[in-house]
Each structure stands twice: as C-alpha cells, then as structure tokens.
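One structure is given here, and the rest of the page talks about it.
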Amino acid sequence: MFRFVKSIISDNSGTSSPTSELDRLVYGTSHSPLLKRRRARVIVSRIRLLSLLCFVAFPFGFTLDLLAFSGDTLLILGLSRALIALLFLALFFGIGNGETLRDAYRAVGIFFAILLTFQAMYQPLLDLQDISAIAGVPSAGYVLFPFLIVVCIGIFPFTVKEAFLTLVMFYIVEMLILIILPEQSDPHQRLGILLSLVAAGVLCGFSAISQLLYMASLVDQASIDTLTQCYSRNSGEEIIDVQYRIAQREKAFLSVVFVDLDNFKAINDRYGHESGDRVLRSAAEHIAKNGRGSDVLIRWGGEEFVILLPNTNAAGALKTVRRLRNIGLGERPDGSFLTASYGIAEMQSSKANDWQALVEYADDQMYHVKSNGGNDIAMIDSPALAETSYSQPEGSITE
C-alpha cells in the first residue's frame, strides 16, 4: 500500500494507528521521504553550528587551563585543544548541507568521536574523578565534560532506536575511558560517574525523541492535503526532488505517472463541490490501495494527481497503471465508473535532465490522452518520441 499519509497522521476521530505510531517513534521506517530529509537537514545544520562553537570554545578554554595547570600537563592540554579545534573546523567545512540520513549519521558519529577523543586525551592526565575534585572553573569543566557530551544527544531529533544506539556507543567508550584511569582511583567513584551518565542519558534521549515527534507533527501538518490525505504539491515537489537525486546517484529507475480525472468539472457543475470532494477522496483511496509501500501519491492540483514510483522502469509503471484501471477509481455521483487519463515517464528512458522535466514529460503524455478523449494511457520512451510514442493498454476498465 502507498506510504499513504493516513498511516502516519491522525484520522478523523483524532486517533492514529498504534502500530504506525510505535514504528515512527521507535524505528522510523514509516517516516516519509520528506520527514527524513527534514530530519537530516536539522541534524546536519546543528552539527555544523556546534562544530563552529567548539572551534571557538576549545582554544578559549586554554586560557582557563593557564590558571590551574603547568608544565607538561599544560603543554599536552594545549596541544590537545588545538588538535580538537582543527578537527571541528574540518567537520564544519567537510559535512556541507546533508540531504540524507546517511549524511546525518556520519556527521553525528564524527562529532561525538571528536569529543570523546578529547576526553580520552585529558582523562589520564588529571586526577579529576568526581565532583569533589572540583577546585575551580578549569577543573569543573573537565569533571563535567562527559555530561556535556551526553547533553548534546538531546539536541537532535532521534528515534528511540537511534537514541539508544548513540547512548550505548557513548557508554562503551566511557567505560573504556574509566578503565584507563589511575589504578589507585576509587572504583566506587567510577561506578557513580557511570550511573550518573546513564541517568543524564535517559533524560537527553527523551528530549531527542520528543523533538522527533514535534518535528513529525509539523511536517505532517505542512505537507498533507487535508481533502485527499495525500501529499500536497509543495511537499510532493520536494519528495520528487529527493527521489530524483537518489535515483540519479544510484543509477536506478524512477517513474512518474500523471493522472487527470476525466470530465471532473461536470461533476462540480452538476452535483456540487461536495460531491466533487467525495469523488476526489474516493479516487485517492483507490490509487492508494493499488500502490506499494515505497510509492508516493501527490495531489498536484484540482483533479490531478502524480504517482511517484521509485525503482520502477517504464514497463513496471505501465503494469501498475493497467492494474489501477482494472481496479477502478470509484464511481461518479450518477453511478457510472470514474475514469482518468494517464501519462507515464521514466527518468532514464526519457533522459530527463531534472525532476521538473520528468514530471513535464508525464504531463505531456497525459495531455495527449486527454486530447484524444481520455480514459487511456500514454508513455514516453525518450524526449524525441514525446509526440508519437504511446503504449495502449490491453483491454479497458469494466463498465
């Protein structure tokens, strides 16, 4: 079934599927491409901001070290801070503007690795094992540094799984760092530090998950067409852009189907707009039932829809549309079958230079069908064949 928006937002009664809500909270597999892209952008942008702040803060912290340390300890701390500052500067310029969650995960991993590296560098040098070791601002900063690291987790919109894995990796590294403390240090103090970090991590993980839920609700509200419960045109364009980039990078197939309901204006003129709205909702539901979990349904405007079919060549898209015509789009107010004109374009075979061209090719094919009476399918194999290349379906919808 389409990753239809009904599976990720509340229904008319104000409730939503417990299974889908649990999935979006824990795993995120039901997240829409749009939500994934927004999450990736937010995570990467916050990593870049934090990296810039750390680049400034770490050298500044050395001025505080001058007040509390001297000799080899001061020298090593200074060199460590300089190295870490350079790493954060490289991270700031290196990650760019992430568009996928893979980019976001890589940025998060590097960010926390740099912070934990600094802790591993200073920890053996300083006899700062618990709060009682605080004797001034510099020592307080080093004692509380692990807690500052774990607090950063709460800044990002993570699922339960992502927050859990991040915390597990953090605690593993922390245990390794605590192991390298001087042998004379109190093991009870080490355990106390670890338990305190666990408690802080749970709170920060809750904050990260809360951010995700809030972001998901905002994306849903901004991206859903309230009448048909499929994606609006603005959000749909962004999803097509994402899928086009992915298909282009992976050299995969990507098909677009442009759907225009036949003689829809007559419904509004004769039966009123409420009847027209019911027909639109019914058409969207029938299209949704015919799709796969990876397909995306977009209300393009009025009685027009766009179906996005990732990893689908032109033949596969034609098969999908034929099946949809056999299932039907519901009924018109007078009891007759609702029909539509379909135009198909596939990214590789049409040689579309961008996603806008791909949609335009599908729209052109739909227009040809519309001009010839509607209730048919046309597809394009290449731009040169845009005016002549059609694939007629075998049979037609049962009437």
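The values are calculated or read from the model by the stated rules, or taken from the named source; none is laboratory data. Keep in mind that what you see is a predicted model, and the values were worked out from it rather than measured. Note that each Cβ is placed from the backbone with ideal geometry, even for glycine, and that neighbours are counted across all protein chains shown.
Could you run through segment 269-282 and say how many residues are more than 14 Å from residue 335 (Cβ to Cβ) and either basic (Lys, Arg) or buried (at least 17 other Cβ atoms within 10 Å of the Cβ) (or both)?
Residues of segment 269-282 that are more than 14 Å from residue 335 (Cβ to Cβ), as a first pass: 269, 272-274, 276-277, 280-281.
Those left that are additionally either basic (Lys, Arg) or buried (at least 17 other Cβ atoms within 10 Å of the Cβ) (or both): 276, 280-281.
Of the residues in segment 269-282, 3 are more than 14 Å from residue 335 (Cβ to Cβ) and either basic (Lys, Arg) or buried (at least 17 other Cβ atoms within 10 Å of the Cβ) (or both).
Looking for something in the same structural domain as residue 27 (by TED's automatic domain parsing), in a helix (DSSP H, G or I), at pLDDT 85 or above and not basic (Lys, Arg) - is there at least one such residue anywhere in segment 129-137?
no
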Kindly indicate the residue of segment 57-74 that is without any contact (Cβ under 8 Å) to a residue 24 or more places away in the chain and hydrophobic (A, V, I, L, M, F, W, C) and also nearest to residue 211 (Cα to Cα) among those meeting that condition. 57
In segment 20-67, residue modelled with the lowest pLDDT [restricted to those that are of a type in the set (Gly, Ala, Ser) and either assigned to a helix (DSSP H, G or I) or not assigned by TED's automatic domain parsing to the domain that holds residue 83 (or both)]: 20
Suppose we keep only residues that are among the polar types (S, T, N, Q) and modelled with pLDDT of 85 or more within segment 170-216. Which one would you say is nearest to the chain's Cα centre (by Cα)? 211
Could you check residue 326 against (1) modelled with pLDDT under 90; (2) out of contact with any Ser or Thr (no Cβ under 9 Å at 6 or more places or on another chain); (3) not hydrophobic (A, V, I, L, M, F, W, C) and say which number it fails? (2)
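Out of curiosity, is residue 260 surrounded by 19 or more Cβ atoms within 10 Å (Cβ to Cβ), over 16 Å from the mean Cα position of the chain (by Cα), outside any loop (DSSP other than H, G, I, E, B) and touching a residue at least 12 places away in the same chain (Cβ under 8 Å)?
yes
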Residues 347, 366: which one is buried (at least 21 other Cβ atoms within 10 Å of the Cβ), assigned by TED's automatic domain parsing to the domain that holds residue 237 and more than 29 Å from residue 278 (Cα to Cα)? 347
Looking for whichever is free of Cβ contacts under 8 Å to residues at least 60 places away in the same chain, under 20 Å from residue 377 (Cα atoms) and either assigned to a helix (DSSP H, G or I) or not assigned by TED's automatic domain parsing to the domain that holds residue 367 (or both) here; the options are 318, 324, 309, 218. Which one fits? 324
Restricting attention to segment 27-67, and to residues there that are in contact with a Ser or Thr (Cβ under 7 Å, 6 or more places away or on another chain) and surrounded by 15 or more Cβ atoms within 10 Å (Cβ to Cβ), which single residue is nearest to residue 93 (Cα to Cα)? 40
